[in-house]
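First up is the structure itself, then whatever we jot down about it.
The values are calculated or read from the model by the stated rules, or taken from the named source; none is laboratory data. Every value quoted in this text rests on a predicted model; they were computed, and no experiment measured them. Backbone-built Cβ (ideal geometry, glycine too); neighbour counts: all protein chains shown. Please note that ligands, DNA and RNA were not included when accessible areas were found on the heavy atoms of the full protein model with its side chains. Shrake-Rupley method; radii C 1.70, N 1.55, O 1.52, S 1.80 Å.
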Amino acid sequence: MTNVQQYLDEGLRGLWYPVLASWEVHSAPVGITRLGQQIVVWRDAEGQLQALEDRCPHRGARLSMGWNLGDRIACWYHGVEVAGSGTVKDVPAVDRCPLVGEQCVRTYNVQEAHGAIFIWFGVTRDDPAQELVFPQELADSDSYSHFLCTASWDCNYQYALENVMDPMHGTYLHSSSHSMAEGDRKADMALQATDTGFLFQKEGQKGVNFDWVEFGESGAQWMRLSIPYQKRFGPGGPFWIVGMVVPEDRDHCRVFFWRIRQVEGWQRDMWRFFYRNRLEKLHWDVLEQDRVILESMAPAAREHEYLYQHDVGLSRLRRIMQKAAKQQLSQLAATPEAQ
C-alpha cells in the first residue's frame, strides 16, 4: 500500500489505542477488530490482561470462541491450546504434535489504565512499545474524578477526531444542550503550539462554551477540552473531557470519552452521585448528536469539502497525521519482513 490516505483510513500506527472498557473483559475471551486486525483479549488466572491475534494456528478458527484456561486459550474447534506468548502449549487430539512449542500467533502489548484497556499497534511487529503518558486530568486521580464513556460509531475514525477538533460546531449542533447554549455564534480561531501538539481556540472568548480544544500525542493521541459549568451542576469547576478514538476498520470506530471534574473529599462523592443521577443522560444526548451527524455524512464527504477559517485546527491535525503516515509507509517499505 503506497497511498497515504488509504493508509490513514485504516489507522495510524506507532500508538497505544484504547480498545475496550475494563468492565468488558472478565473470564471469557473477547474478540475485537481494531485497525482492521482481529484480536482476542482475556484475563489470565491472576487477572492480568493478555492479547493475541484471534486465529488458531491449526485451521484458523477464532480463539475468542474458545475457553479461557488461565494462562492459555483452548480453541473450540479442535482444542488447540495457545498461551499469551503466542506459543502452542498443547494439541490434545494428537501425541507429539510438531505445533507444540512453536510460536505461531502474533502477540500484542497490552495495559490497563483509567478504566480502559490499551493495546500497542506498532508500525512493524518489532516496534517496541512507547511509554503511555496521560493528560493531568486523568493522571492525577487524587484531585480529579472521572467516568469513562465509550461507544461504537459507524464512521471512519478520522471523522470522530476532526469533530472534536472543531469547537464551533458546539454552538450549533449542541445549541440546545444543557451546557453549550451560551457564547457567540461567530468567532475567529487561533492555533497555539504545545509540547505535545497544539491548542485550537476561539479568540476573545474563554470560559463561556466549548471554547477550545487541545490535541496531544504522548504514546497515544488524545484531545482535551473543558466546558464551563454553573454551580447548580455540582462541585468541581469546569467539566473536563479527554477523548480518544480507535479505528475498527475503514468504516467503523470506537470512541472513548473520560468525563472529569476536579473534586476531592466529600465533593467527589457528591459529583459522582450527581453525575449518575442527573448529568449522564444529558451527556449521552450530546454524544448522540455527534454520532448522528457523523454517520450521516455525504459519501466521500472529505473529497468535496470547502474549508474556511474555523477549520484551521482540522487542517493542522490532517497535516500531522499525513506526515506520520508517510514516515510509517517509508519504514514499512524498508522493513517488509517485519510487517
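The table that follows gives values for the structure above.
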read-out	value
Vicinal HN-Hα couplings computed from phi for the stretch 136-144 (Karplus, 6.51 cos²θ - 1.76 cosθ + 1.60; Hz; Gly/Pro x)	3, 5, 9, 5, 8, 6, 6, 9, 10
Dipole of the stretch 5-155, positive direction: furthest Cα of Thr33, Trp16, Gly66, with charges on the beta-carbon	Gly66
Packing rank of 54-67, 292-305, where each peptide gets the mean count of other beta carbons within 10 Å, highest leading	54-67, 292-305
Listed peptides 272-285, 20-33 by packing density, highest first (mean Cβ within 10 Å)	20-33, 272-285
Surrounding net charge for Asp311, when Lys and Arg each add one and Asp and Glu each subtract one, Cβ distance under 14 Å	+1
Dimensionless Rg ratio for the stretch 19-108, taking C-alpha atoms and the 2.2 N^0.38 Å reference	1.00
Directionally averaged projected area (convex hull, Cα atoms, the stretch 260-339), nm²	10.3 nm²
Separation in nanometres of the label points that stand 7 Å from Cα toward Cβ, at Asp184 and Val4	3.4 nm
Highest-MSF residue in the chain out of Ile241, Ile39, Ile320 [GNM, Cα springs under 10 Å]	Ile320
Accessible surface of the chain, 1.4 Å probe, proportion on carbon and sulfur as whole %	48 percent
Cα extents of the chain along the three principal axes, largest first (Å)	74, 50, 35
Cα gyration tensor category, rounded, prolate or oblate, for the stretch 190-282 with a/c compared to 1.5	oblate
FRET efficiency estimate (nearest 0.05) - Cβ-Cβ, Ser315 to Asp285, R0 45 angstrom	0.90
Dipole moment magnitude, nearest 20 debye, the stretch 221-291 about Cα centre, only Lys, Arg, Asp, Glu C-beta charged	380 debye
Average accessible surface area per residue within the stretch 20-140, 1.4 Å rolling probe, Å²	48 Å²
Vicinal HN-Hα couplings computed from phi for the stretch 245-255 (Karplus, 6.51 cos²θ - 1.76 cosθ + 1.60; Hz; Gly/Pro x)	9, 10, x, 8, 8, 5, 10, 9, 8, 10, 9
nm² value of the averaged projected area, convex hull over the Cα atoms of the stretch 108-258	10.2 nm²
Spacing of the two label points (7 Å from each Cα toward its C-beta) at Ala113 and Arg272, in nm	2.1 nm
As computed over the stretch 49-191, the Cα convex hull volume per residue (Å³)	198 Å³
From the C-alpha gyration tensor of the stretch 1-64, square roots of 5λ in Å	26, 16, 9
Per residue accessible area in Å² of the stretch 260-316, where ligands, DNA and RNA are left out and the probe is 1.4 Å	67 Å²
Inter-label distance for Thr194 and Ala301, nm, one decimal - labels placed 7 Å from Cα along Cα-to-Cβ	2.5 nm
Segment Tyr77-Glu203, length gained on full extension (0.36 nm per residue, minus Cα span)	39.3 nm
